[in-house]
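Below: the structure, in structure tokens.
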Amino acid sequence: MNDMPEILLLSCYELGHQPVSLGWPLAALAQAGLAASAVDLSVDDFPAEAVRSARLIAIAAPMHTALRLGVDAACRARALNPTAHITFYGLYAWLNGDYLLHANGEAAVADSVIAGEYEGPLIALARALDEGRSAAEVAGVSIPGRSAQPNLARLSFPVPQRASLPSLDKYARYIADDESHLAGYVEASRGCLHTCRHCPVVPVYNGRFFIVPAETVLADIRQQVAAGARHITFGDPDFLNGPGHALKIAQALHAEFPRLTFDFTTKVEHILEHRELMGQLGEAGATFVVSAFESTSAQVLARLHKGHSVDQMEEALAVLAEVGMAVQPTWVPFTPWTTLDDYLGMLAWIRSHGLIPATPGVQMSIRLLVPPSSALLDHPDVESWRGELDAANFTWRWDHPDPRMDDLARQVSRIAEDAEEDADPWDVFAAVEGAAYAVAGRTPPVHPRPTFLPPSPPRLTENWFC
Ligand code: SF4
């Protein structure tokens, strides 16, 4: 293996989890006989020595924040090692390929970009570079002047290689009943069957998803339990795209580790469609569900093509309450179509449904991102709300037709940023509510703080979902 290229994988941010975006390509490269090392910059220092000797530097960009940090890392790497080939892989890499590959008089941020099921093209790229061939010869790899479609060929999923990754105590923990535990992270599928218009999965997977074999998922869980995990997050875009697959894994997990708990992400539609499954998943150890509620405005839900109504959100809450499973709704409170009344309505809805403890400040501050290739851009009225492309920030700009909403977005963002990690959610919510009513020129309704507060719902210590 000595004559193989020196491959360095970098991850910058993966929602506070030990990055599977390093573990999976490490395993796939090893299976192909290619030596690689990996560094997670969210917990480790920039590996200057490894960068200097690398011939291929591959940077994971599964989300917006990761890409922003990844571009900084790429620029640093380029300065230290101008001859290394720098590639980006993951959802946001492909969405922003034009920016990453555009030279603009200087060296481009990246030499290539890979998307979709990225392991195959990454292996092919490493081999091509090792053999002195150009990246232009590699299928599934975008290079300056040639954009390749995302690779959607099915991968024979290896078990992610985690032995060389930072230990689980460096990452977000699971908190339940005031106790904190190490948490692991797995994916039982990739891509998504659905086509919500604002979702970055859609332009890449376009309604397709891939099942990871149950044995592979269970082996990944096993190695993280051996490393101390007491809770597992299923980070699939939607765990219930394959409901039978999800239940099979959950029941096998429970049979092997009866005290292990888990959480998963699924849409409102699936909670209702598979309501009988919720009880079974709860019995197998599921303690909470992350669900993209997004808005309490019917108009905004329709624009995002969410496939659910506010009534169905209420029904989903009832289904979950019946089986004793907590919910962490996620929101997109600032869009060009969300009015100030809508925002106040969302706050009132959160309060009246007892969701304040499940709503961190950041969730009330999120402003819609419209990345290049977003399906939102296909709407016939796009010219009426879309501004300039801010390529360096990976989004189309938009201003709200009501300037009070942009002002409120800035205020809520500051409140969320200033809130301490252990801030009382009731205080943060009250501050957001105060700001929103002040912007509307209205007096906030008086809500005495309840004297008896129910126990905080189970959660992870990382609140950011973008
Ligand atoms: S269900 Fe979730 S992951 Fe799937 S397209 Fe909609 S927002 Fe994206």
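The values are calculated or read from the model by the stated rules, or taken from the named source; none is laboratory data. These numbers were taken from a predicted model, which means no experiment stands behind them. Virtual Cβ from ideal backbone geometry, glycine too; neighbours counted across all protein chains shown.
Some values worked out for this structure:
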quantity: Enumeration of residues in region 181-217 that are surrounded by 15 or more Cβ atoms within 10 Å (Cβ to Cβ) and of a type in the set (Gly, Ala, Ser); calculated: ALA183, GLY184, ALA188, SER189, GLY191, ALA214
quantity: Spans of helices (runs of 4 or more DSSP H) in region 243-283 with at least 1 residues surrounded by 18 or more Cβ atoms within 10 Å (Cβ to Cβ) and over 22 Å from the mean Cα position of the chain (by Cα); calculated: 243-256, 275-283
quantity: Selection count where residues are part of a loop (DSSP other than H, G, I, E, B) and under 22 Å from PRO62 (Cα atoms), scope region 230-242; calculated: 5
quantity: Odd one out for VAL113, checked against (1) under 20 Å from ALA392 (Cβ atoms); (2) in a helix (DSSP H, G or I); calculated: (2)
quantity: Sole exception among (1) in contact (Cβ under 8 Å) with a residue 40 or more places away in the chain; (2) assigned to a loop (DSSP other than H, G, I, E, B) for GLU106, by number; calculated: (1)
quantity: Residue in region 209-228 that is of a type in the set (Phe, Trp, Tyr) and over 15 Å from the mean Cα position of the chain (by Cα) present; calculated: yes
quantity: Helices (runs of 4 or more DSSP H) wholly inside region 14-85 containing at least 1 residues that are outside the structural domain of ARG173 (by TED's automatic domain parsing), of a type in the set (Phe, Trp, Tyr) and buried (at least 22 other Cβ atoms within 10 Å of the Cβ); calculated: 20-31
quantity: Yes/no for VAL323 being within 22 Å of PRO455 (Cβ to Cβ) and within 16 Å of the ligand (Cβ to nearest atom); calculated: no
quantity: Matching option when the condition is modelled with pLDDT under 95 and either more than 22 Å from VAL141 (Cβ to Cβ) or touching a Ser or Thr at 6+ places or on another chain (Cβ under 6 Å) (or both), among ASN2, ASN104; calculated: ASN2
quantity: ILE114, sole failed condition from (1) surrounded by fewer than 21 Cβ atoms within 10 Å (Cβ to Cβ); (2) more than 17 Å from GLN223 (Cα to Cα); calculated: (1)
quantity: Selection from region 285-316 of residues that are free of Cβ contacts under 8 Å to residues at least 12 places away in the same chain and farther than 13 Å from VAL268 by Cβ; calculated: ALA302
quantity: Unique residue being touching a strand residue (DSSP E or B) at 6+ places or on another chain (Cβ under 9 Å) and assigned to a helix (DSSP H, G or I) when the list is ALA409, ALA430; calculated: ALA409
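To keep it simple, each residue is scored yes or no on (1) modelled with pLDDT of 95 or more; (2) in contact with a strand residue (DSSP E or B) (Cβ under 6 Å, 6 or more places away or on another chain).
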site	(1), (2)
LEU15	no, no
ALA27	yes, no
ALA30	yes, no
PHE46	yes, no
ALA54	yes, yes
